[in-house]
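Just so it is clear, none of the values below were taken in a lab; they were calculated from the coordinates. Quick caveat: nothing in here was measured; it's all calculated off a predicted structure. Neighbour counts are summed over all protein chains in view; Cβ atoms, including those assigned to glycine, are modelled from backbone coordinates with ideal geometry.
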Amino acid sequence: MSDRLLIDERIRPDGKLERSWAERAAGDRIRIADDGGTGGELSIVALDRVMCRYGKPLEDDIVLDGEVLELGDAHKLRRLRFHAIVDAEARDYLVWERPGEPPLAVIATHAAAALRYLALRLAAEGTRGKPSQETEG
């Protein structure tokens, strides 16, 4: 278990590698940040909504391993490398684990982009990720 989870790696237009991280923050919050420190905080509710919106249930035979970020109340965000038979090579997925519910998986680049956008938007608005009808409703 770690207090920080790599959620995305991408190559910038200048050729440099940039990574995005999810970190536990105070209370029921999560911080989404890039290597340079750019980012913002989201509520666990916002994270749940993103993962439920884009996630699909995992097949029963997929073993959940890989790095995990525990967020309290048995919620976990996990990075899973999986090689589906339709893919030429393995991909990274973010897996959202909730108590009493099947785990949901989203291709890591897709989930990270949505989480980054939402965190940066809320930070720019100065709301620090507080719920609003438009962003969390």
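Some notes on this structure:
- Sequence of W21, W96 once ranked by neighbouring C-beta atoms within 10 Å, starting from the fewest: W21, W96
- Exposure proxy ranking for Y54, Y117, based on other Cβ atoms within 10 angstrom of each Cβ and starting from the fewest, stands as Y117, Y54.
- Subtracting the Cα-Cα distance of H110 and D73 from 0.36 nm times their residue separation leaves 10.8 nm of extension gain.
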